[in-house]
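The values are calculated or read from the model by the stated rules, or taken from the named source; none is laboratory data. In this text, all values refer to a predicted model and were calculated from it rather than measured experimentally. Heads up, the Cβs are rebuilt from the backbone with ideal geometry, glycines too, and the neighbour counts pull from every protein chain shown. Each accessible area value is taken on the protein alone, full model and side chains, heavy atoms only, with ligands, DNA and RNA left out. Shrake-Rupley method; radii C 1.70, N 1.55, O 1.52, S 1.80 Å.
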Amino acid sequence: MRVDLRGRVALVTGAARGIGFAIAERLGANGARVVVADLNAAQAEAARDRLVAAGIEAMALGADVSDERDVAEMVGCAERSYGAVDILVNNAGMVSTTQVTDTTSADWRRVMAVNLDGVFYCIRAALPGMVARGYGRIVNISSVAGKRGGGLLGGSCYAASKGGVIALTKGVAREAGPFGVTVNAITPALIDTEMTSILPPAGRARVLADMPVGRAGTPADIAAAACFLASDAAAFITGEIMDVDGGFMRD
Ligand SMILES: NC(=O)c1ccc[n+]([C@@H]2O[C@H](COP(=O)([O-])OP(=O)(O)OC[C@H]3O[C@@H](n4cnc5c(N)ncnc54)[C@H](O)[C@@H]3O)[C@@H](O)[C@H]2O)c1
């Protein structure tokens with residue numbers, strides 16, 4: 001599905017690789033100018049170069065979403081350079097697979113800081129501009145782990161952070177709706193990226209056995225859904241938690 005994002009500016013966090021890169025590429029291919037933001041500035045620049053080579057107008061920014069000053073600077077820089085942030089995709093994240101009794105307080109804090117605080121900081125920084133312009137699209141990348149409590153696709157700490165993203169999505173959808181801003185989340189199941197390359201083959205096979213489509217997802221599968229939610233076609237969809245999971249969450 002092609003949508004028309006010409007004239008829109010999209011900021012995608014964690015866009016140097018994996019799902020975030022695929023989303024940035026898809027938004028750009030549909031006409032948006034793209035801000036590729038990532039903790040790894042060098043990889044963000046390399047990703048930007050790939051987008052530019054494909055004819056997409058893009059800039060790269062190094063930023064840690066768990067650092068509120070970094071986030072304020074990142075959004076400010078995007079707004080100064082491109083005039084606005086119309087589309088915010090909160091994709092940056094990290095996985096943690098430990099059992100709760102094996103999770104240190106520092107590990108818990110880091111996962112919550114990246115996966116949940118980061119989404120909060122980015123929304124808080126970008127929403128005022130969207131409200132002022134009367135238009136915005138926020139797409140948060142959560143996880144089926146946030147609904148099921150983890151399991152093979154992450155431990156309890158990861159699940160708690162992604163469950164928090166679901167609640168935050170619904171809350172901000174309520175707050176921002178009257179101002180022309182929609183806020184939705186995508187809950188992917190197993191998607192082949194560097195993040196999931198650590199899964200043991202037996203665990204991977206068990207997840208796939210419960211996926212009616214019979215294959216792992218690709219970053220492009222998530223990008224297609226994100227691009228739709230970021231478009232005008234999705235103007236009447238907000239507070240929605242969309243499973244893009246090959247049928248994993250069907251019941
Ligand atoms: N791959 C899956 O199966 C899967 C399933 C459900 C949800 N997700 C979620 O999708 C998102 C993307 O996952 P992926 O599989 O592409 O992961 P990935 O590890 O391949 O890529 C994550 C990107 O985020 C960046 N990043 C990490 N911490 C950051 C920080 N503090 N600030 C800015 N950038 C940071 C990394 O540098 C990297 O480029 C994550 O939020 C993840 O939890 C993935």
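Miscellaneous remarks
- What a 1.4 Å probe finds exposed on the stretch 17-108 is 47% carbon and sulfur by accessible area, rounded to a whole percent.
- When both bridge partners sit in the chain, DSSP labels roughly 5% of those beta bridges antiparallel.
- Helix 18-29 and the longest principal axis of the Cα set of the chain meet at an angle near 30°.
- Gap separating the Cα centres of the stretch 232-249 and the stretch 178-221, nearest whole Å: 14 Å
- 0 to 90° range, to nearest 10: angle between helix 219-229 axis and the chain longest Cα axis: 50 degrees
- Here the simple spin-label model places points 7 Å from the Cα toward Cβ, and for residue 1 and residue 80 these points are separated by 3.7 nm.
- Remark on residue 140: its backbone amide H falls under 5 Å from those of 90, 184, 185, 186, a criterion applied only to residues 5 or more positions apart or on other chains, H modelled at 1.01 Å from N.
- Crossing angle, helix 118-133 versus the chain [Cα axis fit, 0-90 degrees, rounded to tens]: 30 degrees
- The stretch 12-78: trypsin sites (Lys or Arg not before Pro) in DSSP loop, at most 10 other beta carbons within 10 Å: none
- Qualifying trypsin sites (Lys or Arg not before Pro) in the stretch 167-249, where qualification requires a DSSP coil assignment and no more than 13 other C-beta atoms within 10 Å, comprise 215.
- Sparsely packed chymotrypsin sites (Phe, Trp or Tyr not before Pro) within the stretch 222-251, loop by DSSP, other Cβ within 10 Å at most 10: 236
- Cα-based convex hull volume of the chain per residue, rounded to whole Å³: 119 Å³
- Ligands, DNA and RNA left out, the 1.4 Å accessible surface of the stretch 165-221 is 61% carbon and sulfur atoms.
- Computed with a 1.4 Å probe over protein heavy atoms only, the accessible surface of the chain comes to 43 Å² per residue.
- Where both bridge residues fall in the stretch 66-189, DSSP classifies roughly 10% of the beta bridges as antiparallel.
- The calculated 222 nm mean residue ellipticity attributable to helices in the chain amounts to -13500 deg cm²/dmol, summing -39500 (n - 2.57) over DSSP H runs of n ≥ 4 and dividing by all residues.
- Simple spin-label estimate for residue 102 and residue 41 gives 3.6 nm between the two label positions (7 Å along the Cα-to-Cβ direction from each Cα).
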